[in-house]
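As structure tokens, the structure follows; a few thoughts come after it.
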Amino acid sequence: MATMTGKRDYYEVLGVSRSAAPQEIADAYRQVALKCHPDKNPGDEKAVEKFKEASEAFEVLNDKEKRSAYDRFGHAGLDRAGYAPQFHDLDDILAQFGSLFGDLFGGASRRSRRGADIACETTITLKEAASGVAKVVEFDRHTTCGACHGAGTAPGTKPEPCDYCGGQGQVVQSAGFFRMQTACPACRGAGTIIRAPCQRCRGAGLTLEHVKREVSIPKGVDDGNHLRLEGEGEPGPGGRTRGDCHVVIRVQKHPLFERDGMHLVCEVPITYPQAALGATIQVPTLEGPHELTIPRGTQPGEVFRLKGRGMPSLRGRGRGDVLVQVTIEVPKKLSSGEEESLRQLAELEKKHVSPKRKSFIERLKDLFSPDDKPHSDA
Ligand SMILES: [Zn+2]
Ligand SMILES: [Zn+2]
């Protein structure tokens, strides 16, 4: 169907029906673009015209609003709605559809249009983990080369079609009955070769940049937690949609506290008299020292709980506890006065055997027959 503007019908150009689904339209455009791409038909004006025509058709039919205007009033409808295709220059089309062509020719999935994710690390103290903290993180990532604007070519030059594969990007290898199509080894599947690479990026089109970002670390984070900086990763094909940067949080080991989820476990040494008689001792919390009264007869390893003095919850409200585990310290050196007192205590204990020791001695007796002698290596 020819129109008054002399343009062919867009559906006819792509060879699809008027009810074609978006995927069908994209597939049809891929077929035409693959056949007529200027990189694959160097010097062929007819192919270039076909390519431009198909690109224009795709530009309209791939856009819901433009397609609907075109469906109702044809080419005139597009003009009236101000949707007239903006670019007729080949370079414009290639630039506009640059990332799309990456998909069309590489057959890459939609997901890989996004750039790669990267990671960096930041170390905070346990106290900062409890209160939340703002930190500046630094990382390196690639960015479009400022000298060649990502083209990878030296100023005033363009990529040339690859001689090895004739610009196809693919070569056919035969082995016996098998014919295999593989990426061209000379151009790595690009179909083009950069003969005069950009000096700054050496043809890569990308340069490294050092980035600093302030991140707000929420209270309650634990060692190894990640924060995601959306769109701060590597650029996707054509310098588009960046991946993410993951900030890995490292929480420094605290000299006194071991973390157990939301709880903080702390070992506190006490003396034998404190354990036996009971005492008020000072124990640490993140906010400072706290007084804890331990009862008479406290046993080694016993745990006392300071409710709500632990780590805050990462999701929502509430705090964990501080768990104080007491250990009983046996002195390595004694003053003569201490020694005298302990000897007196030992004499007393011989006469008044404690319940635990009594049952232990009895179990020991059951275990060995009276004939058993203490074992010796001699
Ligand atoms: Zn460059
Ligand atoms: Zn090649």
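For E59, are the conditions met, namely being at pLDDT 70 or above, away from ligand 2 (no atom under 16 Å from the Cβ), assigned to a helix (DSSP H, G or I) and closer than 30 Å to S313 by Cα? Write out each step before concluding.
On the way: at pLDDT 70 or above: yes; away from ligand 2 (no atom under 16 Å from the Cβ): yes; assigned to a helix (DSSP H, G or I): yes; closer than 30 Å to S313 by Cα: no.
No; evaluated as a whole, the condition is false for this residue.
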Scanning the range 193-223 residue by residue, those away from ligand 2 (no atom under 11 Å from the Cβ) and of a type in the set (A, V, I, L, M) turn out to be I194, A196, A204, L206, L208, V211, V215, I217, V221
Quick test for you: out of T144, T153, pick the one residue that is farther than 30 Å from I124 by Cα, in contact with a helix residue (DSSP H, G or I) (Cβ under 8 Å, 6 or more places away or on another chain) and either away from ligand 2 (no atom under 16 Å from the Cβ) or aromatic (F, W, Y) (or both). T144
Does A190 qualify as being within 16 Å of ligand 2 (Cβ to nearest atom) and within 23 Å of L208 (Cα to Cα)? yes
Qualifying positions in the range 277-313 - of a type in the set (A, V, I, L, M, F, W, C) and surrounded by 14 or more Cβ atoms within 10 Å (Cβ to Cβ): A279, I281, V283, L286, L292, I294, F304, L306, M311
Failed criterion for V326 (all others in (1) modelled with pLDDT of 90 or more; (2) part of a loop (DSSP other than H, G, I, E, B) hold): (2)
Any idea how many residues of the range 258-297 are over 25 Å from R315 (Cα atoms) and among the hydrophobic types (A, V, I, L, M, F, W, C)? 10
Please state which of the following conditions R195 fails to meet, knowing it meets all the rest: (1) of a type outside the set (S, T, Y); (2) at pLDDT 95 or above; (3) over 29 Å from the mean Cα position of the chain (by Cα). (2)
Scan the range 142-159 and give yes if some residue there is away from ligand 1 (no atom under 16 Å from the Cβ) and of a type outside the set (A, V, I, L, M, F, W, C), otherwise no. no
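The values are calculated or read from the model by the stated rules, or taken from the named source; none is laboratory data. The structure presented is a predicted model; accordingly, all values stated were derived computationally and were not measured. No Cβ is skipped: glycine too gets one built from the backbone with ideal geometry, and neighbour counts run over all protein chains shown.
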